[in-house]
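**Student:** The structure that follows is given in the form of structure tokens.
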Amino acid sequence: MNFVKKCPECESIHLNYDAQLGEVICNDCGLVVEDKMVDTGIDLQGRFDKSEKKGRGGAPISMQKFDKGLTTNVGEISDIYKLESGQTRKFLRLKKWQERVSTSIERNLRLAMAELRVIASYLNLPSVVRDEASRIYNYVLQRGLVRGRNMESVIAACLYTACRSYNIPRTLDEMATASDVERKEIGRTYRFIIRKLGIKVTQSSPKDYVSRFSSVLKLSPKSQNDALKILKDAEDVELTSGRGPAGIAAAALYVAALMNDEKKTQREVADIAGITEVTIRNRYKELISVLKLEEKIRAKEKESKKKKE
């Protein structure tokens, strides 16, 4: 790329623009005429959407940030104090005014999105769920549904709604532990949000919890498959209706572990599922009595005893 411009040293017009270095160099005498030039062209290699040409705009737009990542902040306090005294006062004043001119919605979103990222990180949720939860919270905030409600409970409810939308198995107890909000409050806010926004979510299935619970309990693939078969038989006789999906899934895994001589205590299974031992015990009794699994468990126990002898 050549510029119609004279070299100040030899007055040559043979100038060359180096795109990698951002410099204009004289081809005759080698003088660097200009340096540190900004490339304003299209970044063909850094496009985030190949179907659309975008200019150099930094990081991609993210719903997890209160401004979608489009606002330029003045700077962090630690960076500002590294400047000279006169510059430090100037930028501190600019940063103060930047915070003052922001609207109440922007201030709410700044705090809410930071809290949302913390809870989602604790629960190890995928990015698509985080974006969906951020989008739901924006809708709730724009419609004024946050007023009079605890922000943490609304964020937890939005995350729970996003998990239900994408069939990610997370219980209300896990949400309560991650957000430090009572389970009942999250459930109440969740029902309020889906009613007001008209969001349709599918009922979570016990099968959705089997893979995660089995992985944490370190059960064999056979136990996991047996648990899925038990749940299928339980669904056929309508044993799963009206019962918590996490509880019935945990009980099925407990039964499958006993059938495959992988003994796990009811306390261990209950802690993983976020339920009480009483729930595990009740679901366990229902499964073995209705599906007639008691004989298989006893036969497995006798077989394991013979091997030990």
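Bear in mind these aren't lab numbers, they're just calculated from the coordinates by the rules spelled out. Just so it is clear, the model here is predicted, and its values are computed rather than measured.
**Student:** Could you calculate the contour length gain from ASN225 to LYS82, that is, 0.36 nm times the residue separation minus the distance between their Cα atoms, to one decimal place in nm? Before the final figure, lay out each step's value.
**Tutor:** Working: separation 143, 0.36 × 143 = 51.48 nm, distance 6.02 nm.
45.5 nm is the gain from fully extending ASN225 to LYS82.
**Student:** Continuing with the same structure: What shape does the range 104-197 take by its C-alpha gyration tensor, where a ≥ b ≥ c are the square roots of the eigenvalues and a/c under 1.5 counts as rounded, a/b above b/c as prolate, and the rest as oblate? Can you show the working numbers first?
**Tutor:** On the way: a/c = 1.37, a/b = 1.23, b/c = 1.11.
Rounded, because the longest to shortest axis ratio a/c is under 1.5.
**Student:** Can you flag which of LYS6/LYS36; LYS218/LYS285; LYS184/LYS285; LYS6/LYS82; LYS200/LYS285 are past 30 Å Cα-Cα?
**Tutor:** Values: LYS6/LYS36 19 Å; LYS218/LYS285 23 Å; LYS184/LYS285 27 Å; LYS6/LYS82 40 Å; LYS200/LYS285 34 Å.
Flagged as over cut-off: LYS6/LYS82; LYS200/LYS285.
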